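Novice: The structure under discussion is supplied below as structure tokens; questions concerning it will follow.
The values are calculated or read from the model by the stated rules, or taken from the named source; none is laboratory data. What you see is a predicted model, and the numbers here were worked out from it, not measured in a lab. A quick note on method: Cβ atoms are made from the backbone with ideal geometry, for glycine too, and the neighbour counts reach across all protein chains shown. Accessible surface is based on the protein model in full, side chains and every heavy atom, while ligands, DNA and RNA are left aside. Shrake-Rupley method; radii C 1.70, N 1.55, O 1.52, S 1.80 Å.
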Amino acid sequence: MAKFTSDQMYNTPWITTINGTFNLDSPTFDVRDIAHSLSMICRFNGQIREFYSVGQHSLIVCQLMDHLDLGNPLEGLLHDATEAYLSDVPSPFKHRLPDWRAIDDNCERALRAQFGIGEKTEGCKTADWLALYMEAYYFLPGAGEQLPDPHNLRQQALALMKTRPFMGHYTLASDDRFSDIERRFLDTYEVWR
């Protein structure tokens, strides 16, 4: 593990990860770091009825991409992977943070190149929106009715929930929920890589 001086610590864009370090100037991604971190980061900035992780969300997006033939499920699994290093900023705030967006875009390009998943596809965007409405129904006050629906996908998401239990499989109440989601994420990665 690299050792930094005090000056380097504040002038070098790096963080310590569960398996080493991550430097924004030369990003290299470790799926173990991604799985661990995303299992610990709460969706919706924590403003929900109970804990639900970005890792759980990523598993749902992956499953939707597979079930609906929307493209490579690995893209769905890794679509929010930069949040393992940059954290999860609520989407309405991202538009007001152009410097953060530039950093996230650069990080995402590097991540997609490393994992060979190319540019973000329309299929992944659709699966992400569908997952949002499913999650909002379970976890947000008012079942997420306040969320915009620019692509008219809310009704499809609610219909999918009735025909296939996407959400139930990934909501856990056990004390080991974090390690369980981390393990499921890594197992799913092995299936689709």
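Novice: Those residues that are in contact with a Ser or Thr (Cβ under 7 Å, 6 or more places away or on another chain) and open to solvent by 10 Å² or more (accessible area, probe 1.4 Å), I need them from the stretch 47-78; list them, please.
Specialist: Leu70, Gly71
Novice: Of a type in the set (Gly, Ala, Ser), open to solvent by less than 30 Å² (accessible area, probe 1.4 Å) and either in contact with a strand residue (DSSP E or B) (Cβ under 9 Å, 6 or more places away or on another chain) or free of Cβ contacts under 8 Å to residues at least 24 places away in the same chain (or both), is that true of Ser26?
Specialist: no
Novice: Here's something else I'd like to know. Which residue out of Arg101, Arg96, Arg109 is assigned to a loop (DSSP other than H, G, I, E, B) and either farther than 24 Å from Pro27 by Cα or open to solvent by 40 Å² or more (accessible area, probe 1.4 Å) (or both)?
Specialist: Arg96
Novice: Return yes or no: is Ile117 within 20 Å of the chain's Cα centre (by Cα), surrounded by 15 or more Cβ atoms within 10 Å (Cβ to Cβ) and at pLDDT below 95?
Specialist: no
Novice: Which pairs turn up if I take residues in the stretch 50-62 that are touching a residue at least 60 places away in the same chain (Cβ under 8 Å) and closer than 9 Å to Phe185 by Cβ and look for partners that are among the aromatic types (Phe, Trp, Tyr) and open to solvent by less than 10 Å² (accessible area, probe 1.4 Å) with beta carbon separation below 8 Å, at least 6 apart in sequence or on another chain?
Specialist: Gly55/Phe185; Ser58/Phe185; Leu59/Phe185
Novice: Can you work out which of the residues in the stretch 42-93 that are in a loop (DSSP other than H, G, I, E, B) and of a type in the set (Gly, Ala, Ser) is nearest to the chain's Cα centre (by Cα)?
Specialist: So in the stretch 42-93, the residues in a loop (DSSP other than H, G, I, E, B) come out as 47-52, 68-72, 79-82, 87-90.
With of a type in the set (Gly, Ala, Ser) added as a condition, the list becomes 71, 81, 87.
Working: Gly71: 17, Ala81: 5, Ser87: 10 Å.
The selected residue is Ala81.
Novice: Before we move on, is Phe22 in a strand (DSSP E or B) and closer than 19 Å to Phe185 by Cβ?
Specialist: Spelling it out, Phe22 is indeed in a strand (DSSP E or B) and closer than 19 Å to Phe185 by Cβ.
Novice: Considering only the stretch 73-100, state which residues are free of Cβ contacts under 8 Å to residues at least 12 places away in the same chain, charged (D, E, K, R) and closer than 16 Å to Lys125 by Cβ.
Specialist: Lys94
Novice: Continuing with the same structure: Please work out which one of (1) more than 19 Å from Leu64 (Cβ to Cβ); (2) at pLDDT 90 or above is the condition Asp175 fails and give its number.
Specialist: Result: Asp175 fails condition (2) only.
Novice: One residue is enough: does the stretch 39-46 have a residue meeting the conditions touching a strand residue (DSSP E or B) at 6+ places or on another chain (Cβ under 9 Å), farther than 30 Å from Tyr138 by Cα and open to solvent by 70 Å² or more (accessible area, probe 1.4 Å)?
Specialist: So far as the stretch 39-46 goes, no, none of its residues is touching a strand residue (DSSP E or B) at 6+ places or on another chain (Cβ under 9 Å), farther than 30 Å from Tyr138 by Cα and open to solvent by 70 Å² or more (accessible area, probe 1.4 Å).
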